[in-house]
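Student: One structure is given below, represented as structure tokens, and several questions about it will come after.
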Amino acid sequence: MKFDNLIILFSVFSMVLFACKKDKQQNVDAHIYGEAVDIENNKYITVEIKGKIWFTKNLSSKLFRNGDTIVEARTDDEWETALYNGIPAWCYCNNDSLLSETYGIIYNYHAINDARGLAPAGWHISTSNEWQKLIDSYGGEWNAGYYLKSTTGWANNGNGSNSTRFSALPSGDRIDIGHFMGVNENGWWWTSTQIDSISGNYAVLLPSINNLVNIVDNYGKGYGFCVRCVQD
């Protein structure tokens, strides 16, 4: 009789332990996903991170929110001309359309600040404060990159855990004279937060060589970066 009671107690204990482990695993893996669609019908998986709803990939729209076309700047001269004439422009990373599914597209300063709106309705280009909240929530600027980076795709053994499901990838950037830099090595994103009328907007850097997430203010209006959107 005592032996039967021990068996029953052990069975109950095992069931409780299994349930606790399952609940713990569900809590670890729990992410609230959704979907957003831009004016071109490009679809984006979204995820809630610390109370904010983020795209899990970079913006790919070649149209403003009202349907107006954004100019493609393929050559170095086209990129410079757009910059100095205040023309909103975009380009593929390394001018390779096959990379757009992975990295989205790169925008110049004038595109992200145009009053017609780059982000889909109900969304906005992420602000420097929203990036700072991510940084502060995941160990500070020297650690947060590990939690934001994708588990593959980064050079220099720079992959992350992607536990946030942010899925950051190294799309590189385009400099003021039109050259492309850092694909596979660095991730760059515009923020919508202006420094001042001369300096342009803050940008965000994730390098492959460490887990830094750096909000920078010294790259000026001539550069081109990708964009992540946050729900209004």
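The values are calculated or read from the model by the stated rules, or taken from the named source; none is laboratory data. From a predicted model like this one, the values you see are computed outputs, not experimental measurements. Glycine gets a Cβ as well: all are built from the backbone with ideal geometry, and neighbour counts include every protein chain shown.
Conditions (1) over 19 Å from GLY172 (Cα atoms); (2) of a type in the set (Phe, Trp, Tyr); (3) not assigned by TED's automatic domain parsing to the domain that holds PRO170, marked per residue:
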site	(1), (2), (3)
SER60	no, no, no
ILE70	yes, no, no
ALA73	no, no, no
ASN85	yes, no, no
TYR92	no, yes, no
ASP96	no, no, no
ILE106	no, no, no
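Student: Continuing with the same structure: Restricted to the stretch 171-207, and to residues that are outside any loop (DSSP other than H, G, I, E, B) and of a type in the set (S, T, N, Q), which residue is nearest to the chain's Cα centre (by Cα)?
Tutor: This residue is THR191.
Student: Taking GLY153 as the residue in question, decide whether it is modelled with pLDDT of 95 or more and touching an Asp or Glu at 6+ places or on another chain (Cβ under 6 Å).
Tutor: The answer is no for GLY153.
Student: Where residues in the stretch 183-207 are farther than 17 Å from TRP90 by Cβ and among the aliphatic types (A, V, I, L, M), which of them is modelled with the lowest pLDDT?
Tutor: Top of the filtered list is ILE198.
Student: Can you tell me how many residues in the stretch 49-77 are more than 18 Å from GLY117 (Cβ to Cβ), of a type in the set (Val, Ile, Thr) and assigned to a loop (DSSP other than H, G, I, E, B)?
Tutor: The number of residues fulfilling the criteria is 2.
Student: Evaluate the following for LYS221: is it of a type in the set (Lys, Arg), assigned by TED's automatic domain parsing to the domain that holds LYS62 and under 23 Å from ALA111 (Cβ atoms)?
Tutor: Against the criterion (of a type in the set (Lys, Arg), assigned by TED's automatic domain parsing to the domain that holds LYS62 and under 23 Å from ALA111 (Cβ atoms)), LYS221 qualifies.
Student: Hey, could you check the stretch 134-193 for residues that are buried (at least 22 other Cβ atoms within 10 Å of the Cβ) and touching a Pro at 6+ places or on another chain (Cβ under 6 Å) and say which is farthest from ARG228 (Cα to Cα)?
Tutor: Per the criteria, the residue is TRP154.
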